[in-house]
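Peer 1: Attaching a single structure in structure tokens format; questions to follow.
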Amino acid sequence: MKPARAVPVLMYHHVSPNKGLVTVSPATFEAQMRWLAEHGWTTLSADDFAGFLAGRPVPDKSVLVTFDDGYLDNWVYAHPVLERFGQRATLFTITGWIGDGAVRPHAASGQPLPDTPDHKACKRAVDEGRADAVMMRWSEIEAARAAGTFEFHSHTHSHARWDKLCASAAEKRDRLAEDLAASRRTLTARLGGTSDHLCWPQGYFDDDYLDVARAAGFRHLYTVDKHINTTATDPWRIGRIVTKEADDGWFARRMAIYRRPLLGGLYVRLRGK
């Protein structure tokens, strides 16, 4: 096996026919996942990716597919596509927004589908106490995990930006520690355990955040920064590629760039300027 020199990490939020921020359509998501399958890419688990960062070999064309938050459309539209192509994704879940209830239909079920609002409407629903209308349920999380399409990790319990909400650094650290502890407790109670993978809400972190995450037991931290992920990558600053509603050519070019350390490094530097 020729080992990978770099592993792209893709970042999704919504897969929905309702256009909006951080959203790709079901057709685009299917085209991107089909492209990976037809071009010999391996979708890694989070533990596989952690092993790569630690120096263990993974196949040359390896990619980590990540989702943030845990919106209902991830179950309705993304899950059946991943299942159809035999692929897996990592979902960073806001545990405090997930509720109980029966499994709802998804796009391969042949049943009428629930509405999947755009990003702004989802945020409004959460703020108004209607998170169940727009977020996955624990029953759907369990079904997706059993099917092997998604694995679930922490995106905190509240998705709060404590750096903006707290009057002091000490308060910020305390509130973040409570938030991470609640996320870990919930994942353990619901899914039997939690991992050392954490994705920062809105991509924000500072030295206090890093210290608190380390004390909580997290060792792999995901950002919204553009990095080329190699064995030299700091696992506290994992970079991701923001996916777009674009054709296969855009997707293929990004995958080619981010799997090549020299080309990708040059591209990121030029984009940074």
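The values are calculated or read from the model by the stated rules, or taken from the named source; none is laboratory data. What you see is a predicted model; the values in this text were computed from it and never measured. As a convention, Cβ positions derive from the backbone with ideal geometry for all residues, glycine included, and neighbour counts pool all protein chains shown. SASA here: full protein model, heavy atoms, side chains in, ligands and nucleic acids out. Shrake-Rupley method; radii C 1.70, N 1.55, O 1.52, S 1.80 Å.
Peer 1: With the requirement that a residue be open to solvent by less than 30 Å² (accessible area, probe 1.4 Å) and of a type in the set (Phe, Trp, Tyr), what does the stretch 92-105 give you?
Peer 2: Once the filter is applied, which keeps residues that are open to solvent by less than 30 Å² (accessible area, probe 1.4 Å) and of a type in the set (Phe, Trp, Tyr), the stretch 92-105 yields only PHE92.
Peer 1: May I pose another question? Tally up the residues in the stretch 23-53 that are closer than 14 Å to ILE238 by Cα, open to solvent by 10 Å² or more (accessible area, probe 1.4 Å) and touching a strand residue (DSSP E or B) at 6+ places or on another chain (Cβ under 6 Å), please.
Peer 2: Of the residues in that region, 1 qualify.
Peer 1: Then there's this: Do you know which of the residues in the stretch 4-52 that are assigned to a strand (DSSP E or B) and touching a residue at least 60 places away in the same chain (Cβ under 8 Å) is farthest from ASP73 (Cα to Cα)?
Peer 2: Residues of the stretch 4-52 assigned to a strand (DSSP E or B): 9-12, 14-15, 23-24, 42-43.
Keeping just the survivors that are touching a residue at least 60 places away in the same chain (Cβ under 8 Å) gives 9-12, 14-15, 23-24.
Numbers: VAL9: 20, LEU10: 17, MET11: 15, TYR12: 11, HIS14: 6, VAL15: 6, THR23: 10, VAL24: 11 Å.
If we take residues in the stretch 4-52 being assigned to a strand (DSSP E or B) and touching a residue at least 60 places away in the same chain (Cβ under 8 Å), then VAL9 is farthest from ASP73 (Cα to Cα).
Peer 1: Please give the number of the condition HIS227 fails out of (1) at pLDDT below 95; (2) over 22 Å from ASP47 (Cα atoms).
Peer 2: Here HIS227 meets the rest and fails (2).
Peer 1: Looking at (1) outside any helix (DSSP H, G or I); (2) open to solvent by 30 Å² or more (accessible area, probe 1.4 Å), which is the one condition that is false for THR230?
Peer 2: Of everything listed in (1) outside any helix (DSSP H, G or I); (2) open to solvent by 30 Å² or more (accessible area, probe 1.4 Å), THR230 misses just condition (2).
Peer 1: Could you look through the stretch 233-248, keep only residues that are buried (at least 17 other Cβ atoms within 10 Å of the Cβ) and within 25 Å of TRP35 (Cβ to Cβ), and pick out the one that is farthest from the chain's Cα centre (by Cα)?
Peer 2: Checked the stretch 233-248; the qualifying residue farthest from the chain's Cα centre (by Cα) is THR233.
Rundown of residues vs (1) under 17 Å from ARG219 (Cα atoms); (2) in contact with a Pro (Cβ under 6 Å, 6 or more places away or on another chain); (3) acidic (Asp, Glu), yes/no style:
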| position | (1), (2), (3) |
| --- | --- |
| GLU38 | no, no, yes |
| THR43 | no, no, no |
| PHE52 | yes, no, no |
| ASP60 | no, no, yes |
| VAL63 | no, yes, no |
| ASP69 | no, no, yes |
| TRP75 | no, no, no |
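Peer 1: A follow-up question, please. Please find, among ASP73, ASP132, ASP100, ASP118, the residue that is in contact (Cβ under 8 Å) with a residue 24 or more places away in the chain and within 14 Å of the chain's Cα centre (by Cα).
Peer 2: Result: ASP73 is the single residue among ASP73, ASP132, ASP100, ASP118 that is in contact (Cβ under 8 Å) with a residue 24 or more places away in the chain and within 14 Å of the chain's Cα centre (by Cα).
Peer 1: Identify all residues within the stretch 53-81 that are part of a strand (DSSP E or B), touching a Ser or Thr at 6+ places or on another chain (Cβ under 6 Å) and within 17 Å of ALA147 (Cβ to Cβ); write none if there are none.
Peer 2: Of everything in the stretch 53-81, just one residue is part of a strand (DSSP E or B), touching a Ser or Thr at 6+ places or on another chain (Cβ under 6 Å) and within 17 Å of ALA147 (Cβ to Cβ), namely VAL65.
Peer 1: Against the condition without any contact (Cβ under 8 Å) to a residue 12 or more places away in the chain, out of contact with any strand residue (DSSP E or B) (no Cβ under 6 Å at 6 or more places or on another chain) and either of a type in the set (Phe, Trp, Tyr) or surrounded by fewer than 22 Cβ atoms within 10 Å (Cβ to Cβ) (or both), how does ARG56 come out, does it pass? Please lay out each step first, then the result.
Peer 2: Working: without any contact (Cβ under 8 Å) to a residue 12 or more places away in the chain: yes; out of contact with any strand residue (DSSP E or B) (no Cβ under 6 Å at 6 or more places or on another chain): yes; either of a type in the set (Phe, Trp, Tyr) or surrounded by fewer than 22 Cβ atoms within 10 Å (Cβ to Cβ) (or both): yes.
For ARG56, the condition - without any contact (Cβ under 8 Å) to a residue 12 or more places away in the chain, out of contact with any strand residue (DSSP E or B) (no Cβ under 6 Å at 6 or more places or on another chain) and either of a type in the set (Phe, Trp, Tyr) or surrounded by fewer than 22 Cβ atoms within 10 Å (Cβ to Cβ) (or both) - is met.
Peer 1: Name the pairs: first residue in the stretch 250-273 and surrounded by 12 or more Cβ atoms within 10 Å (Cβ to Cβ), second residue among the aliphatic types (A, V, I, L, M) and modelled with pLDDT under 95, Cβ to Cβ under 8 Å, at least 6 apart or on different chains?
Peer 2: ALA256/LEU263; ILE257/LEU263; ARG259/ALA4
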